[in-house]
Amino acid sequence: SITYNLVLNGFSKLERLEEVNKLISFMKQNGKFCELVSYNMWLSVLVRYGKLFEARLVVEEMLEKGIEPDIQTYNILISGLCQEVMFSDSSDVMALMRDKGVIPDVCTYCILLHWFCSKGKIGEANRVMDEMVRNDCTPNTVTCNILLNSLWKQGKAMEAEKLLQKMVQRGYELDTVTCNIVINGLCKSGKLEKALDIVNGMWDFGSVVLGDLGHAFLGLVDDHKNKTKCSPDLLSYSTIIYELCNMGRFHEAKKWFVEMKGRKISPDSILYDIFIHGFCKYGKLSSAIHVFQDLKKNCYLTTKSYNFLMHGLSKKGRTDEVYKLKSEMQEHGIPLNVFTYNNLIRCLCENEKAQEATLLMDEMLQAGVAPNASTFCLLVKSFCKVRDFASAKETLEISLKVLGPKD
RNA sequence: UUUUAUUGUCCAU
């Protein structure tokens, strides 16, 4: 069972939904799907994909089999419930938990805190903190990291530094995530050089480098308790490489990439995507294609990677190559999504083939992919380009019916 | 030895 669970976990981390489902039915056929751990994994996949109704059925199945949910099960479900519009208020969620007699743990509070912070509901976030304190639940580094990230995202750099200071005073360990939040915050507020210094410094001093930030926090970190100093990871490098690519500083980006690999950190498909997207943005398509080939050798291909490259190619009207990528995706069983189809439609639009664009729309509906505002926008543009204003108008009217008011 | 919370790309790809 453990072997099966390991593989199941692997597929779900790689977001290979097809394989996850196949493996689960295989396990069920062989009577290997009967443990709480397996159910928790399954639920977490369903919740990640927003399939709450299915998750509910799975819970019922568990209960029928007499498998008692644990706190992890509840936490997974709570993160799912956060996605529901009806739970837009923290007290709703808390009340629900009380009704169920569930004792929240620090993870539970972190899930809620993160949810409200990410929605900019700072008042609600504060109420979660209050509730946490009232229930004698001690915040940990993760809790602080969530708050720290939220402060940076709100542009409150000063308050973020004060929070760091507090963390140190109260003896919280600053970990790699803490450093990455600061690195990202610095990058996004135009202090890239400082961020680069921190990544370098972490190799020697761990989180102690954060003491060099300046302002409130100056020199307050010291490492005599910090026996296991933290090191930069893939995300540290991805963050700074993204920033460099975004500024067109590709030589430096490459230099950091090489340095990272020298430190025995392997790139993932997101890091490759960063390069592809950056090169496309600056019209360096042959470099983008080159990176894509590298990605193919080293990582699982994702729909997103294809889409980034197709987007760059379609903007330049390189239709043949885009279509070649499309068939490649189909050969490899990589699902096409709405953005893939939009990239294809963009090609036809560039080449003034509005009629074929309509066929593509049919194809995507057949494939069960719903168009978005961008799809309609591209179609209307296609029709206007060939001066078929009647069809353009018709398309626009359809889009008004199909899309929400916001779109 | 396996499962839940925080950090990187996109967000009209």
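We did not get these values from a lab; they are worked out from the coordinates using the rules stated. As the structure is a prediction and not an experimental result, all values here were calculated from the model. We place every Cβ from the backbone using ideal geometry, glycine too, and count neighbours over all the protein chains shown.
If R0 is taken as 56 Å, the Cβ-Cβ distance between residue A:393 and residue A:189 corresponds to a FRET efficiency of 0.80. Computed from the C-beta positions of residue A:29 and residue A:298 and an R0 of 45 Å, the FRET efficiency is 0.85 to the nearest 0.05.
Mean residue ellipticity at 222 nm from the helices of chain A, using -39,500 (n - 2.57) per DSSP H segment of n ≥ 4 over the full residue count, to the nearest 500 deg cm²/dmol? Don't jump to the answer; show the numbers that get you there.
Numbers: 22 runs with 287 residues, N = 407.
Estimated from H runs of four or more residues: -22500 deg cm²/dmol.
Estimated at 0.36 nm per residue, the fully extended path between residue A:203 and residue A:162 surpasses their Cα-Cα distance by 12.3 nm. Here the simple spin-label model places points 7 Å from the Cα toward Cβ, and for residue A:118 and residue A:134 these points are separated by 2.5 nm. Largest GNM mean-square fluctuation across A:159, A:363, A:350, computed for chain A with C-alpha springs under 10 Å, falls on A:363. At q = 0.15, 0.27 Å⁻¹ the log10 of I(q)/I(0) for the stretch A:8-66 amounts to -0.40, -1.28, computed by Debye summation with a single uniform scatterer per C-alpha, solvent ignored. For the pair the stretch A:382-407 / the stretch A:1-51, the C-alpha centres are spaced 42 Å from each other.
Report the calculated FRET efficiency for residue A:328 and residue A:99 (r = Cβ-Cβ distance, R0 = 51 Å), to the nearest 0.05. List each step's numbers first, then the result.
Numbers: r = 51 Å, r/R0 = 1.00.
The computed FRET efficiency comes out at 0.50.
Tell me whether the stretch A:249-331 comes out rounded, prolate or oblate; compute the Cα gyration tensor, take square roots of the eigenvalues as a ≥ b ≥ c, and use a/c under 1.5 as the rounded threshold. Oblate shape, in that a/c is at least 1.5 and b/c is the bigger or equal ratio. Considering only alpha-carbon pairs that sit under 8 angstrom and 6 or more positions apart, the relative contact order computed for the stretch A:1-134 is 17 percent. Applying a threshold of 24 Å to the alpha-carbon distances of A:191/A:297; A:119/A:401; A:316/A:385; A:261/A:324; A:316/A:406; A:22/A:264 flags A:191/A:297; A:119/A:401; A:261/A:324; A:316/A:406; A:22/A:264 as lying beyond it.
Using 0.36 nm times the number of residues separating residue A:126 and residue A:372, minus their current alpha carbon distance, what extension gain do you get? Walk me through the numbers on the way to the answer.
On the way: separation 246, 0.36 × 246 = 88.56 nm, distance 3.57 nm.
So the extension gain works out to 85.0 nm.
What the Kirkwood sum gives for the stretch A:281-407 is a hydrodynamic radius of 15.2 Å, with every pair of different alpha carbons counted. Annotation for residue A:352 and residue A:403: the two label points, set 7 Å from Cα along the Cα-Cβ direction, are 2.5 nm apart.
Find, to one decimal place in angstroms, the Kirkwood hydrodynamic radius of chain A, where the mean of 1/r is taken over every pair of different Cα atoms and then inverted.
Values: mean 1/r = 0.0408 Å⁻¹.
Computed over Cα pairs of chain A, the Kirkwood hydrodynamic radius comes out at 24.5 Å.
Within the stretch A:33-63, name every residue whose backbone N is under 20 Å away from a label modeled 7 Å from Cα of residue A:9 along the Cβ vector. Residues passing the 20 Å test: A:33-49.
What is chain A's relative contact order, in percent, from Cα pairs under 8 angstrom and six or more apart in sequence?
Numbers: 415 pairs, mean separation 25.5, N = 407.
Rounded, it is 6 percent for chain A.
In this simple spin-label approximation, residue A:17 and residue A:362 carry label points 7 Å from Cα along the Cα→Cβ vector, and these lie 2.6 nm apart.
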